[in-house]
1. What number results when the radius of gyration of the stretch 68-148, computed over Cα atoms, is divided by 2.2 N^0.38 Å?
2. If a/c stays under 1.5 just call it rounded; otherwise compare a/b with b/c (prolate if a/b is bigger, oblate if not). Do that for the stretch 22-71, with a ≥ b ≥ c from the square roots of the Cα gyration tensor eigenvalues.
3. Based solely on C-alpha atoms, express the radius of gyration and the Dmax of the stretch 1-92 in angstrom.
4. Relative to the longest principal Cα axis of the chain, at what angle does helix 110-122 sit, 0 to 90 degrees, rounded to 10?
5. Ignoring solvent entirely, what values of log10 I(q)/I(0) come out of the Debye formula for the chain at 0.09, 0.17 Å⁻¹ when each Cα is a single scatterer?
6. Assuming a strict under-23 Å limit between Cα atoms, what lysine pair count do you get for the chain once near-sequence pairs (fewer than 8 apart, same chain) are dropped?
7. Determine the equivalent ellipsoid of the stretch 121-171 by diagonalising the alpha-carbon gyration tensor, then write out the semi-axes as square roots of 5 times the eigenvalues, largest first, rounded to whole Å.
8. Could you work out the local net charge near Arg57, counting Lys and Arg as +1, Asp and Glu as -1, over the other residues with Cβ closer than 12 Å to its Cβ?
Amino acid sequence: MFMKKTGNSAIDYEVLLMQQLSRRHMEHVAHCIGDNEKEFERLMAIVLHGREPVVQRAAWAMDACLKIHPKLLLPYVETLIAALPRFGNNGTIRQVVKALAVRDIPEKLEGQAVDLCFRWLQSSATPVAVKVHCMQILANITVQHPDLAVELRTVISGQMPRNSAGFASRGRKILKQLQNEIHVCNTCYKREPKSCL
């Protein structure tokens, strides 16, 4: 009942997204897309090339799609990371970093992701929800680059008193994750076996 169709019976996602602003409606958009890669591509075109406020809504619908069909995002991981610096809406950024926090970051883009996530993590202007997902992205990258662990631990510990209880809770979990997965030598920063913990 929400669908708006053009003459060729294709769903006009920009019109559909702007009809309502609710979780239920975004789930409806996700239902319209299903596991159809072509339809998801049309949604991602709005996320990547559209204008606000429809971009934020498209990103929310993207999140709803990925809860059901997470593999749909695989072809867009690199493009989303490259696009992150130009997203200006915190709601859009939140949905994008949330999606990236549960996926492997391509090695060639790890440096960009690290720089951006550390910047957002330390900024007082960044919403807590964005910071939480940035923490997870950095923790994921640290598994392969343990030399980042010292800086990440320092930043998280420094940010915990300045942010919400939710931030502190996630921060403690990530600090524990780092402790369980990586031991960083204070002199050489080489990865050590868990038996050294």
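Every number in this text was worked out from the coordinates using simple rules, so none of it is lab data. The structure displayed is predicted, hence computed values, not measured ones. A quick note on method: Cβ atoms are made from the backbone with ideal geometry, for glycine too, and the neighbour counts reach across all protein chains shown.
1. The stretch 68-148 yields a ratio of 1.02.
2. Note, shape of the stretch 22-71 comes out oblate.
3. Spelled out, the Cα radius of gyration and Dmax of the stretch 1-92 are 12.4, 36 Å.
4. Helix 110-122 sits at roughly 80 degrees to that axis.
5. Each listed q corresponds, in turn, to -0.39, -1.09.
6. Lysine pairs, 8 or more places apart or on different chains, close enough: 22.
7. 19, 11, 9
8. Charge balance near Arg57 sits at -1.
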